[in-house]
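Q: I am attaching a structure below and will ask some questions about it afterwards.
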Amino acid sequence: MFSNLPPVTKALLIANGVVFVLQQLLGDGTFAAFMLWPLGDGGAPFASTPAFLPWQLLSYGFLHGSLAHVGFNMLALLMFGAPLEYTWGNRRFLTYYLVCVAGAGLCQLAVGSWAVAQGAGAYPTIGASGGVFGLLLAYGLLFPNQRVMLLIPPIPMKARTLVIVYGAIELLLGATGLQPGVAHFAHLGGMLFGWLLIRYWRGQPPFGKGGPRRPRIVR
């Protein structure tokens with residue numbers, strides 16, 4: 001199955017896997033400058049770590065904290081990314097994914113910087129989850145009636161329902177703080193920027209008729 005994957009999805013899977021192996025071999029401190037740090041004091045927990053740097057808006061999306069973290073993200077990339085790449089084509093799919101990663105990073109940067117301003121510690125954000133949540137949203141928009149199976153719990157549902165459920169859960173957890181240590185607003189940011197980009201491609205509000213209409217590609 002891996003040999004039949006479209007090229008961008010395959011390249012993203014390989015890149016994330018290779019970087020995760022390097023993290024295990026070299027240690028997280030080696031990659032501290034590539035994690036997404038909030039504006040302000042970015043020196044903890046690594047004393048020599050710089051604060052926010054522009055490339056972190058993309059590089060953080062290729063770093064992961066555990067085998068389960070990278071495993072679930074790559075499984076979602078495999079499930080939702082490949083159909084989208086076959087539908088959109090390589091270039092458009094890559095553009096969409098990177099915009100979602102960067103958009104998620106911008107939202108997390110705003111939330112993290114606000115927390116630092118309130119006196120909280122400065123901690124980095126890593127993971128491809130923002131891009132993955134953007135893919136989930138796109139899959140739900142393009143294939144709303146396609147049935148998907150949750151892993152935990154194993155419940156089948158329509159893709160459109162899955163997007164609504166996950167979006168509501170992330171909003172609840174982010175607003176209430178019931179699951180600290182997870183960048184819930186980054187997940188929502190990935191969905192938001194993905195939604196905006198699709199509407200731009202379709203020429204829909206808030207972009208009006210200014211965006212290029214591609215009904216054959218962006219359904």
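The values are calculated or read from the model by the stated rules, or taken from the named source; none is laboratory data. These numbers come from a predicted model, not from an experiment. Here the Cβ is made from the backbone with ideal geometry for all residues, glycine too, and neighbour counts use every protein chain on show.
Q: When the residues of region 111-136 are filtered to those that are without any contact (Cβ under 8 Å) to a residue 12 or more places away in the chain and small (Gly, Ala, Ser), which remaining residue is surrounded by the fewest Cβ atoms within 10 Å (Cβ to Cβ)? Write out each step before concluding.
A: Within region 111-136, the first condition is being without any contact (Cβ under 8 Å) to a residue 12 or more places away in the chain, and the residues that meet it are 114, 118-120.
When the remaining residues are screened for being small (Gly, Ala, Ser), the result is 119-120.
On the way: Gly119: 6, Ala120: 12.
In this case the residue turns out to be Gly119.
Q: Would you be able to tell me the number of residues in region 97-117 that are closer than 15 Å to Leu12 by Cβ and out of contact with any helix residue (DSSP H, G or I) (no Cβ under 6 Å at 6 or more places or on another chain)?
A: So the count comes out to 1.
Q: List the number of the failed condition for Arg92; all other conditions in (1) of a type in the set (Lys, Arg); (2) touching a strand residue (DSSP E or B) at 6+ places or on another chain (Cβ under 9 Å); (3) at pLDDT 95 or above hold.
A: Among (1) of a type in the set (Lys, Arg); (2) touching a strand residue (DSSP E or B) at 6+ places or on another chain (Cβ under 9 Å); (3) at pLDDT 95 or above, Arg92 violates only (2).
Q: Which ones in region 111-146 are at pLDDT below 90 and not polar (S, T, N, Q)?
A: Hits for region 111-146 are Val111, Gly112, Trp114, Ala115, Val116, Ala117, Gly119, Ala120, Gly121, Ala122, Tyr123, Pro124.
Q: Residue by residue through region 53-68, note down the ones that are touching a residue at least 60 places away in the same chain (Cβ under 8 Å) and either part of a loop (DSSP other than H, G, I, E, B) or out of contact with any strand residue (DSSP E or B) (no Cβ under 7 Å at 6 or more places or on another chain) (or both). Before you say what the answer is, go through the steps one by one.
A: First, pick out the residues of region 53-68 that are touching a residue at least 60 places away in the same chain (Cβ under 8 Å): 60-65.
Answer for region 53-68, where residues must be touching a residue at least 60 places away in the same chain (Cβ under 8 Å) and either part of a loop (DSSP other than H, G, I, E, B) or out of contact with any strand residue (DSSP E or B) (no Cβ under 7 Å at 6 or more places or on another chain) (or both): Gly61, Phe62, Leu63, His64, Gly65.
Q: Another question, then. Could you tell me whether any residue of region 74-92 is part of a helix (DSSP H, G or I), among the aliphatic types (A, V, I, L, M) and more than 17 Å from the chain's Cα centre (by Cα)? Don't jump to the end; show me each part of the working.
A: Residues of region 74-92 part of a helix (DSSP H, G or I): 74-88, 90-92.
Filter again for among the aliphatic types (A, V, I, L, M), leaving 74-79, 82, 84.
Going one step further and asking which of them are more than 17 Å from the chain's Cα centre (by Cα), we end up with none.
No: zero hits.
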